[in-house]
Amino acid sequence: MRHRIALRGIARCYIASDARQERGLALVQGKGSRIRHIAGAKYLVPSATENAGGYVVDAEASTCSCPDHETRASRCKRLWAVSYFRKEVAMPDGSTVVTESVRLTYRQDWPAYNRAQCEEKERVQILLKGLCDGIVSPKQARGRPRTPLGDAVYCATMKVYGTMSGRRSTTDIRACEEAGLVDRAPSYNTLLRCVEDPAMMPLLRALVDESAKPLAAIEKTFAVDGTGFSTQTYVRRYDFKYGEEKRAQRWVKAHAMVGTLTNIVTAVEATESRVNDSPMFAPLVNRTAANGFNVTEVYADKGYLSHDNFATVERVGGQAFVPFKSNSGSTGSAAWERLWHLYSLNRGTVPSALPPAQQR
């Protein structure tokens with residue numbers, strides 16, 4: 001009987017230790033950037049539940065100032081977190097090799113940063129005028145003279161850039177007219193009609209392409225992702241789980257391909273929020289290549305994992321780097337199998353399957 005009680009106690013301790021180990025890993029994954037090295041083997045580990053405060057962990061003495069460790073006198077989740085943070089690896093001879101995490105810091109050129117921030121809007125206005133000067137207005141047979149299409153696109157873009165409503169953007173639009181950036185400042189209703197017109201989509205897409213072409217000789221590595229933009233429109237839907245109507249805000253999604261060196265957007269697509277990310281991968285890659293970019297590498301998250309996407313990048317002369325899922329198999333298209341073997345060869349390394357040019 002006493003043996004069974006002792007075994008139950010050991011089992012409980014093992015289960016508790018295993019749970020604290022998992023919570024320690026979750027703590028590193030969620031707040032690892034806030035773990036601070038104090039001195040020697042001592043670290044300041046943030047609280048897992050509070051935004052402020054933390055506990056002191058001594059990795060060599062295996063002690064922590066938290067109540068859990070002081071009460072149980074065994075490894076708490078913060079000790080486990082420091083172990084993961086320090087990358088402690090047990091060797092076959094019983095010794096432990098510790099590799100400290102290194103945080104890369106970069107010096108900020110504050111004079112250049114301040115100048116760029118102060119001059120950003122002026123630069124945007126000049127560059128945008130150069131793009132809109134090439135827009136040809138459609139011929140008008142009758143009626144009052146319309147606002148030139150180039151001026152309407154220019155002012156609508158500046159309205160969105162300023163993040164204010166059409167009415168509140170009126171002052172900025174008039175200032176653009178006084179500066180000679182547009183021939184005539186349109187009313188806010190004209191701006192709203194311009195933004196809401198579906199026929200403007202091909203034109204706006206072409207302006208994005210034109211703005212990126214000057215960097216075609218520089219950018220060779222790209223990343224693809226999507227992001228959402230909320231709107232002022234709300235919809236009502238019936239929630240069967242809770243048996244009541246709920247009010248939800250509508251939003252649109254922008255899928256973009258971005259150069260990793262200059263952060264230039266080389267291609268963009270705007271869709272409804274329900275559209276998945278993966279089908280938008282191929283159009284972005286193909287349009288970037290068609291605009292003269294030498295696409296050598298394309299990076300994306302698991303949402304873009306597909307045989308067709310891998311093959312698309314290889315057809316334009318590049319290579320895709322997309323993480324495989326846990327249930328991904330090794331068989332498939334030629335492009336899939338080549339990247340699967342590359343992934344398997346570099347699995348478990350740090351960095352993972354990145355080429356030497358990206359290992360920094």
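The table for this structure:
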read-out: Residue-normalised accessible area of the chain, expressed per residue, 1.4 Å probe, Å²; value: 65
read-out: Listed peptides 261-267, 340-346 by packing density, highest first (mean Cβ within 10 Å); value: 261-267, 340-346
read-out: Gain on full stretching of the segment that runs from E178 to E196 - 0.36 nm per residue minus C-alpha separation; value: 3.9 nm
read-out: Span from the region 225-259 Cα centroid across to the region 39-82 one, whole angstrom; value: 41
read-out: Whether region 185-257 is rounded, prolate or oblate, judged on the alpha carbon gyration tensor where a/c under 1.5 counts as rounded; value: oblate
read-out: Fraction of beta bridges assigned by DSSP in the chain that are antiparallel (%, nearest 5); value: 85
read-out: Cα gyration tensor shape for region 141-249, rounded if a/c is under 1.5, else prolate or oblate; value: oblate
read-out: Subset of K121/K159; K220/K302; K213/K302; K159/K302 violating a 24 Å alpha-carbon distance limit; value: K213/K302; K159/K302
read-out: Percent carbon-and-sulfur accessible area, the chain, ignoring ligands, DNA and RNA, probe 1.4 Å; value: 54
read-out: Residue with peak Gaussian network fluctuation, the chain [Cα springs, cutoff 10 Å], from L192, L44, L215; value: L44
read-out: Estimated distance in nm for a label pair at Y161 and A112, the labels positioned 7 Å out from Cα along Cα-to-Cβ; value: 2.2
read-out: Label zone at E119, where the point sits 7 Å out along the Cα-to-Cβ direction: region 195-225 residues whose backbone N lies under 15 Å; value: none
read-out: Extended-chain gain in nm, criterion 0.36 nm per residue less alpha-carbon gap, S344 and E70; value: 94.3 nm
read-out: Simple label model, 7 Å out from Cα along Cβ direction - E50 to A26, nm; value: 2.0
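The values are calculated or read from the model by the stated rules, or taken from the named source; none is laboratory data. Worth saying up front: this structure is predicted, and the values here are computed from it rather than measured. Virtual Cβ from ideal backbone geometry, glycine too; neighbours counted across all protein chains shown. The accessibility values were calculated without ligands, DNA or RNA, using every heavy atom of the protein model including side chains. Shrake-Rupley method; radii C 1.70, N 1.55, O 1.52, S 1.80 Å.
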